[in-house]
1. With a 10 Å radius around each residue's Cβ, average the other Cβ atoms per peptide and rank 98-106, 86-94, 47-55, highest first.
2. Within the accessible area of region 63-105, what % is carbon and sulfur when the probe is 1.4 Å and the other protein chains stay in place?
Amino acid sequence: MTAARNLRFKSLPVTPSSPQAANPAAGPAGGGVPKVVGRQAVPVAVRPVPRPQPVRWLDVIAPPSFSALVSARSWCRCGYERTARGRSGVLALIEAHTAHPESCPLLNTEGS
């Protein structure tokens, strides 16, 4: 009825004298139940300790060229925001940024 198919795969004939292709693996020498190897359960997730959030920032931009203009920006969550340009202005802004926590309502807790 149908023509014989051209098989591309070759297989070795199985004879009673040749060994079986898939012999069962030997059990462990000690006998007993084999160990189950797998991933361990993950412990219940613990909520991380909240980190203190930054309240104030100082951003200084100093280009590599000596003749370039240096600038800086200082700001705080309380609404304090200052900018400065030039070396002397940036140095004054750094001093003001360092002194700001004494008058900041978010950082100064003496009145509470």
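1. Working: 98-106: 12.7, 86-94: 14.8, 47-55: 6.7.
Highest to lowest by the protection proxy: 86-94, 98-106, 47-55.
2. Numbers: 1650 of 3010 Å².
Carbon with sulfur: 55 percent of the solvent-accessible area.
The values are calculated or read from the model by the stated rules, or taken from the named source; none is laboratory data. Fair warning: this is a prediction, and the values are worked out from it, not measured in the lab. Reconstructed Cβ throughout: ideal geometry from the backbone, glycine too, with neighbour counts over all protein chains shown. Heads up: the accessible areas ignore ligands, DNA and RNA and are worked out on the full protein's heavy atoms, side chains in. Shrake-Rupley method; radii C 1.70, N 1.55, O 1.52, S 1.80 Å.
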